[in-house]
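Trainee: First, the structure itself, so that you have it in front of you.
The values are calculated or read from the model by the stated rules, or taken from the named source; none is laboratory data. Since the model is a prediction, treat every value here as computed from it, not as a measurement. As a convention, Cβ positions derive from the backbone with ideal geometry for all residues, glycine included, and neighbour counts pool all protein chains shown. To get the accessible areas, we keep the full protein, side chains included, count just its heavy atoms, and leave off ligands, DNA and RNA. Shrake-Rupley method; radii C 1.70, N 1.55, O 1.52, S 1.80 Å.
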Amino acid sequence: MRPCITLTAPFNNLGGWGRHALSFSSGLSRYALIKELDLSSVSRGKVSTSDRNTTIVIAPPSYCVAPSNERKIHYTVWETTNLPDAYIENLTRADEVWTTTAWGADILNANGISAGTIRVVPEGVDTNLFRPYTPSKRSALFRFLFVGKWEERKGPRDLIRAFCKVFQPTEPVELVMHFGHSSMSGRTVYSLVREETERADCHQARVLVSTHLPLGGLIRLIQSSDVFVLPTRGEAWGLPIIEAMACGIPAIVTNYSGHLEYANNENSFLIEVGEMIPAQDDNFFPRDTDWGLWANPNFEHLCDLLRSVFVNQDLARSKGVIARRDVVRSWSWENAASIAFGHLQKAIAVEQ
């Protein structure tokens, strides 16, 4: 008899959290009866369990699972070296804490979460949706693609500065920056990008902004690109990175944090870390809290890699082929669900 699972998650979220929730639920349904409950339908900080055997809550550590007699699993991610005390308290209310990488597990353990309650359950990719595709008419411009939020952690300012420093306006190259939202703290992402290009004295029309794409449009944008680039300061998993890799697009990413679970020197281009610096961002990581550290990617090495992949395009394509192969072999949602169900079976066996 298959166990019953209540999966409370941000199913209506259009970004990475939502794609994670829907794909994980679909994979896990092969092993368990799933009752889906959208996180928006419950009060923030008061996620209640049901009368089912187990509740898995896919949510940031700012959400807590209300006490009950049922088994509770908090499936979460984090990107800096410190978690606020309130977040740690939320996580300790769960019977188990799942996170996506060994790096993330070490962060949780270093912040006081018992190693005995932490389980690693990776994310995955639908490799039938995210797959290589060669458009009948490819752009004459070599395209770098950024996908993420406008925030310090993702490094959009560093990327624009590097791109403007490396490439002359006459070179056949462009940078497309895709944001899920068109505004940020009252500013449009268009104005933020324009401000950075002007600051870099880069008045070229080849730093382009993309927003509000449906999933199919995002996939086509990835497929039509040549290299994915994200000079991130820290990723718990990095879903857009692995989605690009599944499409056969090589990634330039920082040599630090959770995405190193699947990104390496054979299938990616890794940016050296200059130093570890305090994690600060007035919009996401305000200064009144000690968030710990995150990486500061080496700016000059980022510039070198941008130039190198543009000059050595055959090498970039070959790494993209390897990236696709590695993702198909090891990082499907079916694999993630199988690992998750293995943890659930062990827990059920202990309880019996």
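Trainee: Please compute the Cα-Cα pair-distance distribution of segment 182-309 with 5 Å bins starting at 0, giving whole percents from short to long.
Mentor: Pairs per bin, as whole percents: 2, 9, 15, 17, 22, 21, 11, 2, 0.
Trainee: Take the solvent-accessible surface of the protein heavy atoms, probe 1.4 Å, and return the percent of it on segment 95-149 that carbon and sulfur atoms account for.
Mentor: 50 percent
Trainee: Compute the relative contact order of the chain as a whole-number percentage, counting only Cα pairs closer than 8 Å that sit 6 or more residues apart in sequence.
Mentor: Taking the mean separation of contacting Cα pairs over the length of the chain, I get 17 percent.
Trainee: Quick check for you: with a 1.4 Å probe and neighbouring chains kept, what is the accessible area per residue of segment 203-306, in Å²?
Mentor: Averaged over the residues of segment 203-306, the accessible area is 37 Å².
Trainee: Loop only by DSSP, 11 or fewer other Cβ within 10 Å of the Cβ. Give me the trypsin sites (Lys or Arg not before Pro) in segment 272-352 that pass, ordered by residue number.
Mentor: In loop regions of segment 272-352 (DSSP not H, G, I, E or B), the sparsely surrounded trypsin sites (Lys or Arg not before Pro) are ARG287.
Trainee: Per the Debye formula with a single identical scatterer at each Cα and no solvent contribution, what log10 I(q)/I(0) holds for the chain at q = 0.08 Å⁻¹?
Mentor: Taking Cα atoms of the chain as identical point scatterers yields -0.39.
Trainee: Please give, to one decimal in nm, the separation of the simple spin-label points placed at MET184 and LEU315, each 7 Å out from Cα toward the Cβ.
Mentor: Distance between label points: 3.0 nm.
Trainee: For LEU213 and LEU129 in one chain, what is 0.36 nm times their gap in residues minus the Cα-Cα distance, to one decimal in nm?
Mentor: Stretched fully, the LEU213-LEU129 segment lengthens by 28.7 nm.
Trainee: Could you compute how much accessible surface LEU39 exposes when probed at 1.4 Å, giving the result in Å² to the nearest 10?
Mentor: Only protein atoms counted, so the area is about 10 Å².
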